[in-house]
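The values are calculated or read from the model by the stated rules, or taken from the named source; none is laboratory data. Treat the numbers as computed from the prediction; the structure is a model and nothing was measured. Cβ placement follows ideal geometry from the backbone for every residue including glycine, while neighbour counts extend to all protein chains displayed. Protein only, heavy atoms only, side chains kept; ligands, DNA and RNA dropped before computing areas. Shrake-Rupley method; radii C 1.70, N 1.55, O 1.52, S 1.80 Å.
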Amino acid sequence: MTTEEDTTDYGQWSDQNGKPSPGNPSVWVNSMGAHVARPGAFRVPGVVHQRMYDPGRAVEHPGSEARFPPVANGLDYLVSVVEHLESGTERPSARDLKYAVLHLAAGTEVLLKARLQAEHWALIFTDPGAAKLSDLQEGTLSSCGPTETIKRLRNIARVTIDEKDEQAVTQLAKRRNALQHYGLVGEWANSYAVESKTAKVLNFLIGFLDDHLLPALPQAEREAAEVDMERIRGGLLRIQGFVKERLQSLRTTLKPYQDRTVQCFECEQWTYVVPRPEEDSEAEPNCRFCRSNTSPADTALTYGSTILGRDPWTDDGVPASEPCPVCHRRALVQGVLLCSAPTTPVDFCFQCAAAIPDDLPRVPCRICGRPWLPYEDRPACDDCLHVDYETL
């Protein structure tokens, strides 16, 4: 254990991200006094460190008892998340991203169910009517999924969870399943998107813990939890600081494109720019924050289904995307919000990179009945092109 008289040179670590506490050099803190990762607490490529541990966290002590009750278990997952994403000036490794996502999903599930269990232990079972206490004690129970957990928290425990937070949690659970079986793919292989989404989920969880879970714990358990919460809050500030710094650096660059910049469906930042065809006919819509990009048609479909929540596989209601009456590409989305007017929905074409006038008449398709924007005197929408128009 290091002491106040320790003469080790900490200069290489004493930056704005953390340094030894004056009262206890074994514990590292940032400028706000929150615990931060110290040498050895996370991997640095090419550098071997001696195994270190935080004296304030009993579970990190060598030879400590392997006991993780629900709340402590969930918090330990979140501590692991911030450790995996705190990499200083370097981007997290593929392994860091993998375990950050897996542990964030696991921690979220454990903590939400811990609050449900505090209401009544049977509520975490898939079928509460068939719940057996012995199954809970032995860990052999079949528990409810994330969507049902949130539903029960709202309806039975009277916990307020808004739709955006619910969507973030359910998407995380789905991505966790894919990641666990198929590895890092899509936006979850993108460190910028992972850090942005992690910050949102962690921010929700900290509020959830402070308001609905920690106050009900016994004093000793609550004090132990606060040590972990201090570490998690410090990590969240670090991650949020990265996100804020990157957004600040993009602000000037994005200013000329506000009338064709939308919210990214991967990192959820308002940094997804749609290029105009006359500027570069080969350019694809792309996010300046997380650097993801897709074709105009795919961008439209994904925006409509992910950001606006429309079902791309059904004919009911407003379609996720539809043909544009100007360019005739299936790249038009109704109700798009642009950076230039974030509260005014418009019909926007991701191929034309422009809002389509709303005075263009929509008529019902004579085959499927859905409203659409007709062109070239066609009596039916593009989805019904296989029909012989001469018979109409």
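Mind telling me which of the residues Val59, Val79, Val44, Val29 ends up being of a type in the set (Val, Ile, Thr) and at pLDDT 85 or above?
Val79
Pull up the range 303-329, narrow it to residues that are open to solvent by 20 Å² or more (accessible area, probe 1.4 Å), more than 22 Å from Leu254 (Cα to Cα) and within 23 Å of the chain's Cα centre (by Cα), then point me to the one that is modelled with the lowest pLDDT.
Pro312
Among the residues of the range 178-199, write down those that are buried (at least 18 other Cβ atoms within 10 Å of the Cβ) and either modelled with pLDDT of 75 or more or over 21 Å from Gln269 (Cα atoms) (or both).
Leu179, Tyr192, Ala193, Val194, Glu195, Ser196, Lys197, Thr198, Ala199
Taking the range 255-268 only, how many residues are of a type in the set (S, T, N, Q) and either within 14 Å of Pro285 (Cβ to Cβ) or assigned to a strand (DSSP E or B) (or both)?
2
Can you name the residue in the range 330-346 that is more than 16 Å from Pro357 (Cα to Cα) and crowded, with 18+ Cβ neighbours inside 10 Å and, of all such residues, is modelled with the highest pLDDT?
The qualifying residue modelled with the highest pLDDT is Cys339.
Quick one: how many residues across the range 270-320 are in a helix (DSSP H, G or I) and of a type in the set (A, V, I, L, M)?
4
Check whether at least one residue in the range 277-287 is open to solvent by 30 Å² or more (accessible area, probe 1.4 Å) and under 17 Å from the mean Cα position of the chain (by Cα), and report yes or no. Talk me through it step by step, then tell me what you get.
Initial filter on the range 277-287 (open to solvent by 30 Å² or more (accessible area, probe 1.4 Å)): 277-284, 286.
So of that shortlist, the ones also under 17 Å from the mean Cα position of the chain (by Cα) come out as none.
So far as the range 277-287 goes, no, none of its residues is open to solvent by 30 Å² or more (accessible area, probe 1.4 Å) and under 17 Å from the mean Cα position of the chain (by Cα).
Going by what's in this entry, would Leu254 be described as in contact with a Ser or Thr (Cβ under 9 Å, 6 or more places away or on another chain), free of Cβ contacts under 8 Å to residues at least 40 places away in the same chain and hydrophobic (A, V, I, L, M, F, W, C)?
no
Any chance you could count how many residues in the range 81-105 are assigned to a helix (DSSP H, G or I) and either crowded, with 20+ Cβ neighbours inside 10 Å or of a type in the set (Phe, Trp, Tyr) (or both)?
Matching residues across the range 81-105 total 13.
Which members of the range 288-300 meet the condition of being open to solvent by 60 Å² or more (accessible area, probe 1.4 Å) and either β-branched (Val, Ile, Thr) or closer than 11 Å to Ala331 by Cα (or both)? Steps first, answer last, please.
From the range 288-300, those open to solvent by 60 Å² or more (accessible area, probe 1.4 Å) are 288, 291, 293, 298; that's our starting set.
Listed by number, the list holds a single entry, Asp298.
Can you name the residue in the range 269-281 that is touching a Cys at 6+ places or on another chain (Cβ under 9 Å) and in contact (Cβ under 8 Å) with a residue 60 or more places away in the chain and, of all such residues, is nearest to Ala341 (Cα to Cα)? Give the derivation first.
First pass over the range 269-281, keeping only residues touching a Cys at 6+ places or on another chain (Cβ under 9 Å): 269-274, 276-277.
Of the ones still in play, those that are also in contact (Cβ under 8 Å) with a residue 60 or more places away in the chain are 269-270, 274, 276-277.
Details: Gln269: 15, Trp270: 12, Val274: 15, Arg276: 19, Pro277: 22 Å.
Among residues in the range 269-281 that are touching a Cys at 6+ places or on another chain (Cβ under 9 Å) and in contact (Cβ under 8 Å) with a residue 60 or more places away in the chain, the one nearest to Ala341 (Cα to Cα) is Trp270.
Considering only the range 328-340, how many residues are free of Cβ contacts under 8 Å to residues at least 40 places away in the same chain and either within 20 Å of Arg288 (Cβ to Cβ) or not polar (S, T, N, Q) (or both)?
4
Restricted to the range 129-177, and to residues that are small (Gly, Ala, Ser) and part of a loop (DSSP other than H, G, I, E, B), which residue is surrounded by the most Cβ atoms within 10 Å (Cβ to Cβ)? Break it down stepwise before answering.
Residues of the range 129-177 small (Gly, Ala, Ser): 129-131, 134, 139, 142-143, 145, 157, 168, 173.
Still in the running and part of a loop (DSSP other than H, G, I, E, B): 131, 139, 142, 145, 157.
Details: Ala131: 18, Gly139: 6, Ser142: 11, Gly145: 12, Ala157: 14.
Per the criteria, the residue is Ala131.
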